[in-house]
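What follows is a short report on a single structure.
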Amino acid sequence: MTKTVLITGATSGLGSEFVQLFAKDGYDLVLVARNEKNLEEIKQTWKDVNVTILPKDLSEPGAAKEVFEFVQQRNITVDVLVNNAGFGLMGKFDELDIQKQVNMIQLNVTALTELTYYFLKGMKHRNHGKIMNVASTAAFQPGPLMAIYYATKAFVLSFSEALVEELAHTNITVTTLCPGATKTNFGAVASVESTKMFSNAMASDVVAKEGYEAMLKGKRVVITGALNKAGALGSKFLPRSVAAKIAKYVAGEK
Ligand SMILES: NC(=O)c1ccc[n+]([C@@H]2O[C@H](COP(=O)([O-])OP(=O)(O)OC[C@H]3O[C@@H](n4cnc5c(N)ncnc54)[C@H](OP(=O)(O)O)[C@@H]3O)[C@@H](O)[C@H]2O)c1
């Protein structure tokens, strides 16, 4: 039977790579992002695939529930949930716009949490499902100059790893993808392209494929790229104060 994946942030970067990977493997797609025109274009590109699109701003309170209700009304069973939509902002916490930072928490944390909650219920009922939550290597240490972004990704990692244990004796897997800098629109949106952290940005297709394969295998956490793996491992052994200083250094201009 054809499986269905719901992907948030499907119109760009890692999300559009996930679209290709799932479509080529024969999944039906439910795609969520804000830009309707971009969603329509994807639907036109994959004419042989069953694509359902839903333009939705997931930074608005209640949006995740609306996504769930939309899917329910169409009797779509979501076998795989990919919580990918997210954004970052560079700057001092007190100098960045507070509403933008709240929207970031709403998108990166609240929508991801709510979507997981709603779709997990059905997965548990069927005792079958996969969830991929996109965090970041930012999850492993505090991030001065991107304080809220790093904190949101720490939430995603902690939450997802806890779920793995709660679901240990089920056929539901939760995979956390932790990319380092990756060439997508993220850099421009967050204004980080000229920083040292983006010196060795990876290609989005490579990152997405690594995440996709790890998700299929039901792996717990995947950190993409050897340098990022080493960095994440290093930050486990460093005092958090030192790890935070390094994060501040790499947030500086090249
Ligand atoms: N690129 C990196 O260096 C990097 C590193 C680590 C982790 N990540 C994570 O990877 C994930 C994907 O990001 P990306 O790098 O692929 O960035 P991207 O190219 O900017 O893509 C972001 C996607 O999210 C959607 N989106 C943004 N705001 C949204 C909202 N309020 N509601 C619904 N959809 C929204 C965008 O579409 P619309 O604009 O149409 O809404 C787009 O499809 C994010 O969670 C990001 O934090 C990225």
Next item on the list: With springs only between Cα atoms under 10 Å apart, run a GNM on the chain and tell me which of L58, L157, L238 wobbles the most.
Entry: L238
Next item on the list: Any chance you could run the full-extension gain for E213 through S158? It's 0.36 nm times the residue separation minus the Cα-Cα distance, nm to one decimal.
Entry: 17.7 nm
Next item on the list: Calculate one ³J(HN,Hα) per residue across segment 204-219 by plugging θ = phi - 60° into the Karplus curve 6.51 cos²θ - 1.76 cosθ + 1.60, and present them in order as whole Hz with x for glycine and proline.
Entry: 5, 5, 5, 5, 5, 5, 4, x, 4, 5, 5, 5, 4, 7, x, 5
Margin query: Quick check: net charge around K183, other residues with Cβ under 12 Å of its Cβ, Lys/Arg +1 and Asp/Glu -1?
Written below: -3
Margin query: Give the lysines whose C-alpha is closer than 18 Å to that of K209, dropping any in the same chain fewer than 8 places away, or say none.
Written below: K24, K130, K183, K217, K219, K229
Note to self: Let me spell out the model: positive unit charges on the Cβ of Lys and Arg, negative unit charges on the Cβ of Asp and Glu, origin at the Cα centre of the chain. What dipole size does that give, in debye rounded to 20?
What the structure shows: 620
Check: What relative contact order, as a whole-number percentage, does segment 180-253 give when Cα pairs under 8 Å and 6 or more residues apart are counted?
Finding: 40
Next item on the list: Could you tell me which of rounded, prolate or oblate describes the chain, using a ≥ b ≥ c as the square roots of the eigenvalues of the alpha-carbon gyration tensor, with rounded for a/c under 1.5 and, failing that, prolate when a/b is larger than b/c and oblate otherwise?
Entry: prolate
Next item on the list: Go through segment 232-241 residue by residue and turn each phi into a ³J(HN,Hα) via Karplus (6.51, -1.76, 1.60, θ = phi - 60°); whole Hz please, and just put x for glycine and proline.
Entry: 5, 5, x, 5, 6, 9, 7, x, 4, 5
Notebook entry, point to check: In the chain, what % of DSSP beta bridges are antiparallel (nearest 5)?
Noted result: 5
Next item on the list: Order the peptides 130-143, 11-24, 59-72, 30-43 from the highest to the lowest mean number of other Cβ atoms within 10 Å of their residues.
Entry: 130-143, 11-24, 30-43, 59-72
Checklist line | Normalised contact order of the chain, rounded percent, pairs of Cα under 8 Å and 6 or more residues apart | finding: 19
Margin query: Give me the extension gain from N50 to D205: residue separation times 0.36 nm, minus the current Cα-Cα distance, reported in nm with one decimal.
Written below: 53.6 nm
Notebook entry, point to check: In sequence order, what are the phi-derived ³J(HN,Hα) couplings for segment 165-182 according to the Karplus relation 6.51 cos²θ - 1.76 cosθ + 1.60 with θ = phi - 60°, rounded to whole Hz, with x for glycine and proline?
Noted result: 5, 4, 9, 3, 9, 10, 9, 10, 10, 10, 10, 9, 8, 10, x, x, 3, 9
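The numbers here are math on the coordinates, done by the rules we state, and not lab data. The structure presented is a predicted model; accordingly, all values stated were derived computationally and were not measured. So basically every Cβ, Gly included, is an ideal-geometry build from the backbone, and we count neighbours across all protein chains shown.
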